[in-house]
2 protein chains.
Amino acid sequence: MAYNKNDRRSRTKGRPTLNEVAHRAGVSPITASRALRGVATVAEELVRKVEEAARELGYIANPAARALASAHSQSVLVLVPSLANQLFIDTLEAIHSVLRPKGLEVVIGNFHYSREEEEDLLRNYLAYQPRGLLLTGFERTESSRRMIEASGLPCVYMMDLDSGSGLHCVGFSQVNAGAAAARHLLSRGRQRIAFVAAQLDQRTLLRGDGFRRTLQQAGRYDPAFEILTPRPSSVGLGSELFAQLLAAQPQIDGIFFCNDDLAQGALLEAARHGVKVPEQVAVLGFNDLPSSAFMVPRLSSIRTPREIIGRRAAEQLLDLIAGKTIAEPVQDMGFELVLREST
Amino acid sequence: MAYNKNDRRSRTKGRPTLNEVAHRAGVSPITASRALRGVATVAEELVRKVEEAARELGYIANPAARALASAHSQSVLVLVPSLANQLFIDTLEAIHSVLRPKGLEVVIGNFHYSREEEEDLLRNYLAYQPRGLLLTGFERTESSRRMIEASGLPCVYMMDLDSGSGLHCVGFSQVNAGAAAARHLLSRGRQRIAFVAAQLDQRTLLRGDGFRRTLQQAGRYDPAFEILTPRPSSVGLGSELFAQLLAAQPQIDGIFFCNDDLAQGALLEAARHGVKVPEQVAVLGFNDLPSSAFMVPRLSSIRTPREIIGRRAAEQLLDLIAGKTIAEPVQDMGFELVLREST
DNA sequence: CGACCATAGGATAGCGCTGTCTTTGCGAAC
DNA sequence: GTTCGCAAAGACAGCGCTATCCTATGGTCG
């Protein structure tokens, strides 16, 4: 029983170890390790034996020991600003579907739209020595940037492209998306077009920039038609801001909401007060959440390709981890104007 | 430089180690370890010194080494059936707020309402040797049950109580909640009351049981007024099922939806087709999602105390980890009927 | 046919911490 | 003054793996 350290009182919970697997398969521990990881050159016959032994014992490698010995874990750190937004859930789901089959664990960090919290998460989770990072946007503290740099880890930035030169990023141009929203409302003959935004993260602001610039070029920009608030986006807030905006600027005939939940709240508030959408006011959302297609009237929106972004970002990260050079480090996945009844 | 193993080519990324902290503080590594963990008896003066040294070096303990040496990680495994439902996001947030300050990492496992996936997650994540488990409901495979049992880990079950005797659980009676829904619709004078459910997880079915039984007792149960589908719950599905139900059973005058998103879809579909709510049909939801209060008409619902459940479950788990005995292993957090315009 | 080399498998030595025992120091009790 | 007890700090060993070197084997080539 030399392979089993039960002679001395063991601290472990009695889970089988690699040593026991190796012993049962009649090979050395290191060969068992190699066989199970599929590394290098182990004869097929031995691989079979080791795998069988592992199965019989119900062996699961101890990730802590593995991480300590190899100086890295089998995890990928994904940092998102919120879990309350279905957008990021969809993205995470897509990431998961790519990384899980490769044996990588997805570690989710929610930084609640706070740069400081993101920095904290980085500091803590980098200690786990993940294989790579998937980050949202480019807006972060200088410390965070330094930690990412110093870690030397493969890193892909998701969602935005507008200031990602030199970085690996998968997303779409927030500025262009905002511009497209403006063009759409203009094309519908709207004259007094408002912009309502909450949360005010970088991507929302960039959307606003594109939107504003396009209205300016068309000579239709009026700063009085903007509501920006750092409060978190929600249906309730959308209702509130819609009422507030129409009370202050009754002549408005088109509104771009930086998020579908705000737009949904607006539609509900409009219905409540008999405001005709789109006749009196056209309403355009952003992200195209699943429920938007069922609103009354059905909400026009800009569909963001979060599933593809998640998938591609994860795939790109896999390539980086594998040491491949990336042909296209900046991947523009575009966006799609989804026209429904509300505009 | 005996404390720094740079003499030999090191595999590490050059992050400072406990040895270096200890050396700088002029103490032994084990004392530094104790000082930083706040364990046992280390003189205040030394603790101060060690903490200072750690700060100066930017030392962060290596969780893998820690886990390997101590035979457990600093994580708690939380298994939820979905992240698409705001219910579980709120629960997770609450859990986080309790466990994070205690230095415990929350590891999220999403099993997509699949028992097999839950079993897989358990098998994989148990290898990380978490400090405890927070699980959703009681419905799982026999294998899963055995793994939980065999792990010997503290475990708290969330959301349901109905079959949790002998276990530590925090939630509310799904059966009673269903019964309350039925009583409410009956109290509104409704005669032909329907039940619409999706997903069909155990908790949904229990709600249905309570609802059904109460209608039966009132002599108002009609199996033709039930729609059950395993499809995942969504606003779109709610619209669809509402239309389907009213087409088949136009005389229906009250509906209990097992989830707010379904009910929201129903309200939207009703508005679209001029069905008066609550005059023609009363609509009652479940969970009271944030947007429900802003629907037209405002949706009546049963508010489930997910934040408190998350918090209490996490606190109870902390107690179990600390080895305390729990005075009240079964905590009924109740539920609240939120009356709005739709009933 | 011997030097050479590629290849499969093993021996060794840690990775960076913490559990457990041991030692040290110092005041209280006799 | 000696013994005891207890608290504080350290020594030691090892958690369960894998990186790295090393050895044995058999084939290839001039």
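The values are calculated or read from the model by the stated rules, or taken from the named source; none is laboratory data. This one's a predicted model, so the numbers in the text were calculated from it and none came from an experiment. When we count neighbours, we look across all protein chains shown, and the Cβ atoms used for this are built from the backbone with ideal geometry, even at glycine. These area figures cover heavy atoms from the full protein model, side chains too; ligands, DNA and RNA do not enter into them. Shrake-Rupley method; radii C 1.70, N 1.55, O 1.52, S 1.80 Å.
From the list A:Ala71, A:Ala84, which one is of a type in the set (A, V, I, L, M, F, W, C) and within 14 Å of DNA strand D (Cβ to nearest atom)?
On the way: A:Ala84 fails: within 14 Å of DNA strand D (Cβ to nearest atom).
Of the residues listed, the single one that is of a type in the set (A, V, I, L, M, F, W, C) and within 14 Å of DNA strand D (Cβ to nearest atom) is A:Ala71.
Considering only segment B:288-314, state which residues are away from chain A (no Cβ under 13 Å) and β-branched (Val, Ile, Thr).
If the condition is that a residue be away from chain A (no Cβ under 13 Å) and β-branched (Val, Ile, Thr), then B:Ile302, B:Thr304, B:Ile308, B:Ile309 are the ones that fit.
Please pick out the residue among B:Glu118, B:Glu105 that is in the same structural domain as B:Gly323 (by TED's automatic domain parsing), among the charged types (D, E, K, R) and in contact with a Lys or Arg (Cβ under 8 Å, 6 or more places away or on another chain).
After applying the criteria, what remains is B:Glu118.
Please specify each residue of segment B:266-309 satisfying the condition of being basic (Lys, Arg) and without any contact (Cβ under 8 Å) to a residue 60 or more places away in the chain.
Once the filter is applied, which keeps residues that are basic (Lys, Arg) and without any contact (Cβ under 8 Å) to a residue 60 or more places away in the chain, segment B:266-309 yields B:Arg272, B:Lys276, B:Arg298, B:Arg303.
Looking at the structure I just gave you, is B:Ala224 of a type in the set (A, V, I, L, M), part of a helix (DSSP H, G or I) and under 27 Å from A:Gln86 (Cα atoms)? Explain how you work it out, then say what you get.
Values: of a type in the set (A, V, I, L, M): yes; part of a helix (DSSP H, G or I): yes; under 27 Å from A:Gln86 (Cα atoms): no.
Here the answer is no, as B:Ala224 does not meet what is asked.
Residues being assigned to a helix (DSSP H, G or I), within 16 Å of DNA strand D (Cβ to nearest atom) and open to solvent by 30 Å² or more (accessible area, probe 1.4 Å): count how many of those fall in segment B:50-62. Can you show your working first?
In the first step, residues of segment B:50-62 are kept if they are assigned to a helix (DSSP H, G or I); the result is B:50-57.
Then drop every residue that is not within 16 Å of DNA strand D (Cβ to nearest atom), which leaves B:50-54.
Narrowing the set further to residues that are open to solvent by 30 Å² or more (accessible area, probe 1.4 Å) leaves B:51-52.
Here the count works out to 2.
Of the conditions (1) more than 10 Å from chain A (Cβ to nearest Cβ); (2) open to solvent by 30 Å² or more (accessible area, probe 1.4 Å), B:Leu121 fails just one. Which one is it?
Only one criterion is unmet by B:Leu121, namely (2).
If a residue has to be touching a Leu at 6+ places or on another chain (Cβ under 8 Å), among the hydroxyl-bearing types (Ser, Thr, Tyr) and open to solvent by 30 Å² or more (accessible area, probe 1.4 Å) to count, how many in segment B:152-175 make the cut?
So the count comes out to 0.
Is segment A:130-143 home to any residue that is more than 17 Å from the chain's Cα centre (by Cα), surrounded by fewer than 21 Cβ atoms within 10 Å (Cβ to Cβ) and away from chain B (no Cβ under 14 Å)?
yes
Exactly one of these conditions fails for B:Val76: (1) in a helix (DSSP H, G or I); (2) open to solvent by less than 30 Å² (accessible area, probe 1.4 Å); (3) within 14 Å of chain A (Cβ to nearest Cβ). Give me its number.
Evaluating B:Val76 over (1) in a helix (DSSP H, G or I); (2) open to solvent by less than 30 Å² (accessible area, probe 1.4 Å); (3) within 14 Å of chain A (Cβ to nearest Cβ) leaves (1) as the failure.
Cβ-Cβ under 9 Å, sequence separation 6+ or interchain: first residue in segment A:316-328 and within 17 Å of A:Val98 (Cβ to Cβ) and without any contact (Cβ under 8 Å) to a residue 12 or more places away in the chain, partner assigned to a loop (DSSP other than H, G, I, E, B) and open to solvent by 40 Å² or more (accessible area, probe 1.4 Å). Which pairs?
A:Asp319/A:Thr325
Any idea which residue in segment A:204-257 is nearest to the other protein chains (Cβ to nearest Cβ), counting only those that are of a type in the set (Lys, Arg) and open to solvent by 40 Å² or more (accessible area, probe 1.4 Å)?
Top of the filtered list is A:Arg231.
Which condition number in (1) more than 11 Å from DNA strand D (Cβ to nearest atom); (2) of a type outside the set (Ser, Thr, Tyr); (3) away from every other protein chain (no Cβ under 14 Å) is the one that B:Val42 fails?
All conditions pass for B:Val42, except number (1).
All but one of (1) open to solvent by 20 Å² or more (accessible area, probe 1.4 Å); (2) more than 9 Å from DNA strand D (Cβ to nearest atom) hold for B:Thr91, so report the exception by its number.
(1)
Among the residues of segment A:51-86, write down those that are among the polar types (S, T, N, Q), out of contact with any His (no Cβ under 9 Å at 6 or more places or on another chain) and more than 13 Å from DNA strand C (Cβ to nearest atom). Lay out the reasoning, then the answer.
So in segment A:51-86, the residues among the polar types (S, T, N, Q) come out as A:62, A:70, A:73-75, A:82, A:85-86.
Next cut, out of contact with any His (no Cβ under 9 Å at 6 or more places or on another chain) only: A:62, A:70, A:73-75, A:85-86.
Scanning segment A:51-86 gives A:Gln74, A:Ser75, A:Asn85, A:Gln86.
Specify which of the listed residues (B:Gly189, B:Gly178, B:Gly103) is surrounded by fewer than 20 Cβ atoms within 10 Å (Cβ to Cβ) and within 30 Å of B:Gln251 (Cα to Cα). Give the steps one after another, and end with the answer.
Values: B:Gly178 fails: surrounded by fewer than 20 Cβ atoms within 10 Å (Cβ to Cβ); B:Gly103 fails: within 30 Å of B:Gln251 (Cα to Cα).
Every option except B:Gly189 fails the conditions.
Of all residues in segment A:33-49 being surrounded by 18 or more Cβ atoms within 10 Å (Cβ to Cβ) and of a type outside the set (Val, Ile, Thr), which is farthest from DNA strand C (Cβ to nearest atom)?
Restricting to residues being surrounded by 18 or more Cβ atoms within 10 Å (Cβ to Cβ) and of a type outside the set (Val, Ile, Thr), the top hit is A:Leu36.
Based on what the data block shows, is B:Leu200 among the aliphatic types (A, V, I, L, M) and on the phi > 0 side of the Ramachandran plot?
yes
Looking only at segment A:261-287, which residues are of a type in the set (Asp, Glu) and within 11 Å of chain B (Cβ to nearest Cβ)? Working first, answer last.
Just the residues of segment A:261-287 that are of a type in the set (Asp, Glu), to begin with: A:261, A:269, A:279.
Result: A:Asp261, A:Glu269.
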